[in-house]
Amino acid sequence: MEINFIALLVAAIMTLVVGFIWYHPKVFGTVWMRESNLTEEVLRTGNMLKIFGLTYVFSLMITIVLMALTIHQSGAVGMVGGPPLIASAKPSFAAFMADYGTAYRTFKHGALHGFVSGLFFAFPVVGINSLFERKSWKYILIHAGFWIVTLTLMGGIVCAFA
């Protein structure tokens, strides 16, 4: 099972691409700024290189988790001790991978797992933090929606191409 690192790099860009659209003033950006008590002037003061750079690094970390969640063959590789021990695995492993090595390796399957991750992991995390920060449900739904869409796309890319 080879890993396509280019697919992981592309999937990690999704947070920036979706964020650019999602938080645009003509989509949810104006409502998000109002709910966050932010102004355009305040947003201009951030170090964008640091913000975008760290966002990309964090996104790469997310793609690694999504790879484990969406590519079920990762579990089989783990059972033989990981990639370094594949060559010494029993013949039954090679037979299993020959039969099922590409099963459920589609964009649709990965998108499903990404969506479920967004709905049942990201949404509750955003919700918990936002409730303690006394944020509105609009704020919660804007951020949770962003993560659900982003993780759906990331999961699809990772599963189909990584």
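Table: residues versus (1) within 22 Å of Ser130 (Cβ to Cβ); (2) in contact with a helix residue (DSSP H, G or I) (Cβ under 7 Å, 6 or more places away or on another chain); (3) not aliphatic (A, V, I, L, M).
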position: Glu2; (1), (2), (3): no, no, yes
position: Phe5; (1), (2), (3): no, no, yes
position: Ala11; (1), (2), (3): no, yes, no
position: Val42; (1), (2), (3): yes, no, no
Enumeration of residues in segment 58-73 that are open to solvent by 70 Å² or more (accessible area, probe 1.4 Å) and within 18 Å of Phe93 (Cβ to Cβ): His72
Residue within segment 126-136 that is at pLDDT below 95, in contact with a helix residue (DSSP H, G or I) (Cβ under 7 Å, 6 or more places away or on another chain) and crowded, with 16+ Cβ neighbours inside 10 Å present: no
Meets criteria (within 21 Å of the chain's Cα centre (by Cα), over 25 Å from Ser130 (Cβ atoms), among the hydroxyl-bearing types (Ser, Thr, Tyr) and open to solvent by less than 50 Å² (accessible area, probe 1.4 Å)) for Thr55: no
Only listed residue being touching a His at 6+ places or on another chain (Cβ under 8 Å) and open to solvent by less than 60 Å² (accessible area, probe 1.4 Å), chosen from Ala76, Ala103, Ala111, Ala95: Ala103
Segment 119-143, residues that are touching an Asp or Glu at 6+ places or on another chain (Cβ under 9 Å) and outside any helix (DSSP H, G or I): Lys135, Ser136
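The values are calculated or read from the model by the stated rules, or taken from the named source; none is laboratory data. No experiment lies behind these values; they were computed from the predicted model shown. Don't worry about glycine lacking a Cβ; one is built from the backbone with ideal geometry, like all the others, and counts go over all protein chains shown. Side chains are part of the model used for accessible areas, which takes the heavy atoms of the whole protein and leaves out ligands, DNA and RNA. Shrake-Rupley method; radii C 1.70, N 1.55, O 1.52, S 1.80 Å.
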